[in-house]
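Each remark here refers to the structure printed beneath this line.
The values are calculated or read from the model by the stated rules, or taken from the named source; none is laboratory data. As the structure is a computational prediction, the values presented were derived from the model and not from experiment. Backbone-built Cβ (ideal geometry, glycine too); neighbour counts: all protein chains shown. Heads up: the accessible areas ignore ligands, DNA and RNA and are worked out on the full protein's heavy atoms, side chains in. Shrake-Rupley method; radii C 1.70, N 1.55, O 1.52, S 1.80 Å.
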Amino acid sequence: MRILSNADIAALLPMAEAIDVIDTTMRTVSRGDAQLPLRHVVPVGGKNMMGVMSGALGEPMCYGVKLVSLFPENPKKGLSGHRGAVVLFESETGGAVAMMDAGLLTAIRTAAASAVATRALARPDAARLTLIGTGEQAEHHLEAMLAVRPITHVHVVGRRAEAAEAFATHAAASHPGLTMTHGTDAQAGVRGADIICTVTNSATPVLKGDWMEPGQHLNIVGASVASKREVDDAVIPRGEVFCDYLPSLMAQAGEVVEGLKAGLFAPDHLKGEIGAHLNGGPGRSGPQAITLYRSLGIVAQDLAVAHHALGRAASEGRGTEVSL
């Protein structure tokens with residue numbers, strides 16, 4: 001078995017490669033060439049949870065499991081909110097062939113998935129980005145959005161002014177060509193934005209449908225269980241809604257589950273999986289449409305980027321070989 005650390009993943013999974021891998025993966029998922037049981041979540045005290053995600057992919061051929069702790073207060077301790085491991089198995093005899101850190105891998109694949117959706121749905125000239133959230137996912141989403149659209153201006157919204165300022169200062173130093181602004185007012189922050197990414201730990205809405213403007217593209221990322229919501233009841237009815245995986249959307253996206261129950265929109269309002277669009281299905285209806293990618297995160301994404309990282313590790317001699 002090959003063990004890959006966080007540092008190994010950082011070296012083996014650059015954002016541009018992750019985006020290409022996820023693009024292929026979402027097409028595979030929407031062709032039905034994957035086995036993806038819904039995420040199983042176990043409370044482990046307070047707001048903390050453990051997620052168990054298992055699955056199999058036909059392209060590339062691999063299967064495995066992600067075991068991840070979801071600890072929302074970790075960033076205050078300088079740690080990822082997602083900590084755990086991904087284990088890959090080989091398909092000939094069923095042996096475990098790799099285990100790798102799940103924290104950075106999850107962060108990269110999540111942002112890469114948003115980039116795939118943004119590349120497919122956002123207006124080609126989208127240049128103004130607003131990030132709602134100042135944590136790990138905001139950092140990776142900035143890199144991902146820069147990879148797929150000609151971003152010139154970034155506004156970051158934080159719950160705390162000092163966190164938003166710190167993020168903007170660091171981002172400006174890392175990306176000298178960008179105009180960086182920051183604040184705590186989400187409504188003001190999304191005004192005039194071309195792309196909006198909500199990447200928070202909030203259990204209650206941080207974005208309202210009344211604030212949305214024609215032509216915008218939204219990546220709704222932070223809430224991965226039905227009990228949490230980053231957007232209010234007005235967002236889904238106003239947008240052309242795409243997702244990573246329909247069964248996840250219908251079971252785990254609180255604003256969709258509750259909106260359907262309340263009759264705020266019909267099931268046919270939901271456009272479907274981003275992979276179906278990439279495979280030739282309908283996409284943005286026009287330049288004035290508001291498009292929305294609802295990310296829940298699926299194990300197919302983890303398996304695909306883990307498989308990619310393992311392939312590079314084997315060819316480059318990275319990681320540690322151990323016997324079980």
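Structure values in brief
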read-out: Residue in segment 192-210 that is open to solvent by 20 Å² or more (accessible area, probe 1.4 Å) and either on the phi > 0 side of the Ramachandran plot or touching a Cys at 6+ places or on another chain (Cβ under 8 Å) (or both) present; value: yes
read-out: Cβ pairs under 6 Å, 6+ apart, first in segment 264-287 and under 13 Å from residue 24 (Cα atoms), second of a type in the set (Ser, Thr, Tyr); value: 275/30; 276/30; 279/30
read-out: Residues satisfying the stated conditions in segment 43-66, i.e. on the phi < 0 side of the Ramachandran plot, surrounded by fewer than 16 Cβ atoms within 10 Å (Cβ to Cβ) and over 19 Å from the mean Cα position of the chain (by Cα); value: 43, 44, 47, 48, 58, 59, 60, 61
read-out: Sole exception among (1) open to solvent by 60 Å² or more (accessible area, probe 1.4 Å); (2) closer than 18 Å to residue 275 by Cβ for residue 25, by number; value: (1)
read-out: Qualifying helices (runs of 4 or more DSSP H) (wholly inside segment 213-324; at least 2 residues being open to solvent by less than 10 Å² (accessible area, probe 1.4 Å) and among the small types (Gly, Ala, Ser)); value: 254-262, 299-316
read-out: Residues of segment 111-127 that turn out to be in a helix (DSSP H, G or I) and either within 27 Å of residue 51 (Cα to Cα) or open to solvent by less than 10 Å² (accessible area, probe 1.4 Å) (or both), as a count; value: 9
read-out: Number of the exception - residue 130 against (1) open to solvent by less than 10 Å² (accessible area, probe 1.4 Å); (2) in a helix (DSSP H, G or I); (3) not hydrophobic (A, V, I, L, M, F, W, C); value: (2)
read-out: Segment 67-110: number of residues that are within 18 Å of the chain's Cα centre (by Cα) and in a helix (DSSP H, G or I); value: 10
